[in-house]
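Accompanying notes for the structure given below.
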Amino acid sequence: MVEKILIILFFKKIYCPNSFINSQRGAKDGGCEETITIDSIETHLNICLFTEINCVNSSNCGKFRRGEMGTHIEQCQYEIKKCECNHSFIGKDMEEHKAKICPETLIECEYCNMKFKRIDLGDHIDEDCPKKEISCPYSKYSCEFKTNRGEMQNHLDHYDHLVLVKNRCDYLEIFLKGLESTILTINQHSESNLNIFKNQIKDINEQNKYSSKWIIHNWSDKVKKYQKGQCLTSPVFTISQTKKFNIRVYPNGEKENKLTISLCKQFDSKCKVNYRFEVINFDFSQSIFQEKTFTFAIGTNVYNSNIIYEDWNNTKGFLIDNTLTIGFNIKIEKLYGDYMTTA
Ligand SMILES: [Zn+2]
Ligand SMILES: [Zn+2]
Ligand SMILES: [Zn+2]
Ligand SMILES: [Zn+2]
Ligand SMILES: [Zn+2]
């Protein structure tokens, strides 16, 4: 009995569920008019033109009957479309793209009202538009005339701009002359500044040097009075503003029986010195001298220079009125920096 009922149901034809005949949906038409067997409902609904399905582009569009989908797609805001500029957009963005960005969109020139692609409009206005107002090409020569591009040739044909150009040339000539004399003045200034600079360098160099003569009277008394190892001391002199030196002379030699002259450094820092001592003879060509470059160590110290001239006391010409003259040139070649110490 149950089997028989099932078989009857199985083969009984029913209306498609999308038939709206008895529904509350208020459709104008009656919906799907197909009658189908129960087992083919699913197959039918998959092709039924009255089945409501989502828009293939976006569920935001809502549901549409399968049979109406084609009409919707044509105006679907989410359908991807290709613009003339080759970029793709969904429908709702396309309008904004065309209105604001797309280089292919035709836009009206505000001056001549002709239409140009957005990408070409700027060049049209800057270079071609006959209605755009432009300045006379001689504006930099003081022609203040302005008119639209199409009228400019007429102005150029009827106004002689050569006068303006000549005026500018005259002005430039005067200007150039002024410039020339300015350059000359600047050159003179820089030359005199250079000379001042050179002199300053020379002064600085001079500060590193000291030249003088030490004149010792009554020499024979000194020879008697100062035994070997004893010395006379010269006044102190200053080089480079603060560096003090003096000279010692041992009339009978410091250790040997030779005239010994010493340079004494009176400050602590290390320094390199070039010195020249000369015992001056009445006949300059017979003067004896010693020249050396020497580095003083840190601390006050003395550097001896043995003027080697055996038995020089007996040689005539070095003493004039019993006076001995020692010439000297001292140059500080390098200072190694000041410092202070505490014991
Ligand atoms: Zn149907
Ligand atoms: Zn859609
Ligand atoms: Zn575009
Ligand atoms: Zn234009
Ligand atoms: Zn002009």
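Which is within 30 Å of Asp170 (Cβ to Cβ), buried (at least 16 other Cβ atoms within 10 Å of the Cβ) and away from ligand 1 (no atom under 16 Å from the Cβ), of Cys102, Cys61, Cys136, Cys83? It is Cys136.
Scanning the stretch 102-148 for residues that are hydroxyl-bearing (Ser, Thr, Tyr) and either closer than 26 Å to Leu162 by Cβ or under 42 Å from the mean Cα position of the chain (by Cα) (or both) returns Ser135, Tyr138, Ser139, Tyr141, Ser142, Thr147.
Every residue, every condition in (1) closer than 18 Å to Asn306 by Cα; (2) aromatic (Phe, Trp, Tyr); (3) not assigned by TED's automatic domain parsing to the domain that holds Ile307, yes or no:
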{"residue": "Ser181", "(1), (2), (3)": "no, no, yes"}
{"residue": "Lys228", "(1), (2), (3)": "yes, no, no"}
{"residue": "Leu232", "(1), (2), (3)": "yes, no, no"}
{"residue": "Ser240", "(1), (2), (3)": "no, no, no"}
{"residue": "Lys255", "(1), (2), (3)": "yes, no, no"}
{"residue": "Cys264", "(1), (2), (3)": "yes, no, no"}
{"residue": "Asp268", "(1), (2), (3)": "no, no, no"}
{"residue": "Asn274", "(1), (2), (3)": "yes, no, no"}
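Of the residues screened, Thr43 is not one that is within 16 Å of ligand 1 (Cβ to nearest atom) and touching a residue at least 12 places away in the same chain (Cβ under 8 Å).
Taking the stretch 202-270 and the strands (runs of 3 or more DSSP E) fully enclosed by it, the elements with 2 or more residues that are under 54 Å from the mean Cα position of the chain (by Cα) and of a type in the set (Ser, Thr, Tyr) are at 209-216.
Right, Glu108: of a type in the set (D, E, K, R), surrounded by 11 or more Cβ atoms within 10 Å (Cβ to Cβ) and within 30 Å of Cys16 (Cα to Cα) or not? No. Looking at the stretch 100-165, the strands (runs of 3 or more DSSP E) lying wholly inside it that each contain 2 or more residues that are within 16 Å of ligand 5 (Cβ to nearest atom) and more than 30 Å from Phe89 (Cα to Cα) sit at 133-135, 146-148. Assess whether Glu74 counts as being within 16 Å of ligand 2 (Cβ to nearest atom) and among the charged types (D, E, K, R). Spelling it out, Glu74 is indeed within 16 Å of ligand 2 (Cβ to nearest atom) and among the charged types (D, E, K, R).
Would you check if there is a residue in the stretch 157-168 being within 40 Å of the chain's Cα centre (by Cα), more than 30 Å from Tyr275 (Cα to Cα) and surrounded by 10 or more Cβ atoms within 10 Å (Cβ to Cβ)? Checking the stretch 157-168: at least one residue is within 40 Å of the chain's Cα centre (by Cα), more than 30 Å from Tyr275 (Cα to Cα) and surrounded by 10 or more Cβ atoms within 10 Å (Cβ to Cβ).
The values are calculated or read from the model by the stated rules, or taken from the named source; none is laboratory data. A quick note: this is a predicted structure, and the numbers were derived from the prediction, not measured. Positions of Cβ are backbone-derived with ideal geometry, glycine not excepted, and every protein chain shown enters the neighbour counts.
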